[in-house]
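Written out below as structure tokens is the structure these notes cover.
The values are calculated or read from the model by the stated rules, or taken from the named source; none is laboratory data. Keep in mind that what you see is a predicted model, and the values were worked out from it rather than measured. Counting neighbours? That spans all protein chains shown, and the Cβs are built from the backbone with ideal geometry, glycine included. Calculation scope for accessible area: heavy atoms of the full protein, side chains included, ligands and nucleic acids excluded. Shrake-Rupley method; radii C 1.70, N 1.55, O 1.52, S 1.80 Å.
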Amino acid sequence: MIRLDRAVKRYQVDNSNLLALNYLDLKLEENCFVAIVGVSGCGKSTLLNVIAGYDDIDYGYYYFQNEDVSRFPENKKLELIKSIGVIFQDFNLLDYLTVKENILLATRYLDSRKELLPIACYLEIDDILNKYPSQLSGGQKQRVAIARCLITNKRIILADEPTGSLDRENGLKIMGIFEKLNKEGISIVIVTHDENIANRCKRIIRMENGRVVD
Amino acid sequence: MGVWLIKEVFYQRKRHYLTTAAVCISIILVLLVNIISSHIIENVHLSFKQLGLNISCIQLLKKRSDNWIEKLIESNQIEKYSLYHKKQERDYKIIGCQSSLAEIFTFNFESGHFLTETGNMYNDNQIVIGNKLKQYFNCYQINESIIIKGITFKVVGILEEDCDNLYEDFDKCVFIFIDYLNKDSQSGIYFLSENRLNERYLNELLGKDNFLFIDQSQTKDALINLLDLIRNVLIVLAFVSVSVSIICIVSNSLSGIDSRMKEIGIKKALGASSKDIYLQFIVENTVIIIIGIFISWLTVLIIVKMINLYAETKVAVDIVSNTGYIILILIIGSICNIYPAKKASEITIIETIKNRGFN
């Protein structure tokens, strides 16, 4: 499904090159449930940005569904972005839209969409659809962010520290949702530094200095 | 889509209420300047007409028997004219004229009307008297008779008070048909002409020093030019004010891009293309200007209504020219919005992540 061969990503920091991805090789299968772990600055988030199509690699290959992403024209790259759902630590909901509007925002740019209510019931947010993000708890916000991915029928969800802003109880609840989604065939890739969270995934990828070490 | 758009416009722009208010005030200024200056110019034109500034007069100093009038009318395409004979009596002036004089001078009547063509045809001894002569002739109503030089005239019209202009004080004039007065009187022609008469042409036609040419068009032109200049300067100033307001919106939009990094990032991550973001910014700013125009137009109509209600004047709203100005403002606004919209659309998701707007 996703393959990176000798992927390199450099950043210019204070007149010196920082190798965020250092000839990284990675293969993620269909319906995977993977945790990417590592210390801060090891390149986890950069890897996530590359997989999501937000950033390009400077060298190497990135294959998505066996197609070379580096050769993608702009419109196809947009299709890649549309086909992958990303969940962030800070939820990234728009404050001036209600929960319902935040979820449906994703459908503005996509043709395919699922019914809102079953997803809301599934994620137990059906009673807060008309509330604004400022009226929600962290756990509720993260479930809204997940709903935003599900409404457009995403088959891959990347989550960057999805439990980072949540208490333990809510964190476990979110992980439970991810497990359920994975059982339904959705591939889940979680970037985390929390070993407890990583241990609940089927596979753990450890990163160090921009490389996969384990 | 509609609800989102309205929410986005109002949420994102609530910081820009003052700028929107400035746009409204500027648009109101443009429309009011246009409406009020048009009204003033229209009134000035009316005053010019009442003063006789648009009327020319040739007064003969010597009696003539040639066909100079036909030549003058034909060669100068004069459409409205009236021949006259004038005679000054001790207490009043008699003006012998044609009924067409009423088309040249603006007469207001206390009662009745001016001399009519049919009256001339049937030798009906019609007379119109100035307001101050009512007492002199002891005639206070129309259809009464008065005798002048042994002829009995029927009063068909009494002019309103203060009916005078640059040529005559009509309050102390009586008007009769020209045929009644042709001996020992001053003769000439009053006329309206789009083209100003050339004095050299008149010298050739009538002979030098044989006539007096009285023409106010120079004064009228100077006044109209001055009024037009004032109006144009005011409209330009109002447009400068509109432009400044629009530049403020553009500046706010540009500075707002930084604070809207998160929103742009989220939308792009959800699949919005650069074109979607570009269109969103264009639509938002255009909506602001349209709202400004709507509020302004409504305010202007209310102001005009109030003026018409409380002032002794009737201000008319010229829809065509004002719509033209509104379209112009919309075009300026839309063009100015292109740059910030382009800037916003060029922001990448990774830039928003690095700027910590989106994390």
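Data overview
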| item | result |
| --- | --- |
| Residue match in region B:142-150 (condition: buried (at least 17 other Cβ atoms within 10 Å of the Cβ) and of a type outside the set (Val, Ile, Thr)) | no |
| Output for region A:5-23, where each listed residue is β-branched (Val, Ile, Thr) and closer than 11 Å to residue A:58 by Cα | A:8 |
| Lone unmet requirement of (1) more than 18 Å from residue A:125 (Cβ to Cβ); (2) at the interface with chain B (Cβ under 9 Å from one of its Cβ atoms); (3) open to solvent by 30 Å² or more (accessible area, probe 1.4 Å) for residue A:86 | (3) |
| Qualifying residue in region B:126-135 (condition: open to solvent by less than 30 Å² (accessible area, probe 1.4 Å), at pLDDT 90 or above and part of a loop (DSSP other than H, G, I, E, B)) | yes |
| Among (1) open to solvent by less than 10 Å² (accessible area, probe 1.4 Å); (2) modelled with pLDDT under 90; (3) among the small types (Gly, Ala, Ser) - the single one residue A:138 does not satisfy | (1) |
| The one condition in (1) free of Cβ contacts under 8 Å to residues at least 40 places away in the same chain; (2) surrounded by 18 or more Cβ atoms within 10 Å (Cβ to Cβ) that residue A:126 fails to fulfil | (2) |
| Flag if residue B:162 is among the charged types (D, E, K, R), open to solvent by 60 Å² or more (accessible area, probe 1.4 Å) and touching an Asp or Glu at 6+ places or on another chain (Cβ under 8 Å) | yes |
| Tabulated pairs, region B:241-260, first of a type in the set (Ser, Thr, Tyr), second crowded, with 17+ Cβ neighbours inside 10 Å, C-beta under 6 angstrom, 6+ apart or interchain | B:241/B:26; B:241/B:29; B:245/B:22; B:245/B:23; B:245/B:26; B:253/B:340 |
| Residue count, region A:148-179 (criterion: under 17 Å from residue A:120 (Cα atoms), in contact (Cβ under 8 Å) with a residue 40 or more places away in the chain and touching a helix residue (DSSP H, G or I) at 6+ places or on another chain (Cβ under 9 Å)) | 8 |
| Test: residue A:95 is under 29 Å from residue A:197 (Cβ atoms), within 14 Å of chain B (Cβ to nearest Cβ) and open to solvent by 60 Å² or more (accessible area, probe 1.4 Å) | yes |
| Qualifying positions in region A:180-193 - closer than 26 Å to residue A:208 by Cα and either open to solvent by less than 60 Å² (accessible area, probe 1.4 Å) or without any contact (Cβ under 8 Å) to a residue 12 or more places away in the chain (or both) | A:187, A:188, A:189, A:190, A:191, A:192 |
| Hits in region B:165-178 (condition: open to solvent by 70 Å² or more (accessible area, probe 1.4 Å) and closer than 18 Å to residue B:135 by Cα) | B:172 |
| Subset of region B:104-123 that is touching a residue at least 24 places away in the same chain (Cβ under 8 Å) and in a helix (DSSP H, G or I) - its residue that is surrounded by the most Cβ atoms within 10 Å (Cβ to Cβ) | B:104 |
| Elements of type helices (runs of 4 or more DSSP H) contained in region B:266-359, each with 3 or more residues being within 12 Å of another protein chain (Cβ to nearest Cβ) and hydrophobic (A, V, I, L, M, F, W, C) | B:349-354 |
| Criterion: modelled with pLDDT of 90 or more and loosely packed, with under 14 Cβ neighbours inside 10 Å - qualifying residue of A:9, A:27 | A:27 |
| Of all residues making up region B:238-283, the number that are modelled with pLDDT of 80 or more, under 43 Å from the mean Cα position of the chain (by Cα) and open to solvent by less than 40 Å² (accessible area, probe 1.4 Å) | 3 |
| Selection count, region B:303-350, where residues are more than 30 Å from residue A:52 (Cα to Cα) and either modelled with pLDDT of 90 or more or among the charged types (D, E, K, R) (or both) | 4 |
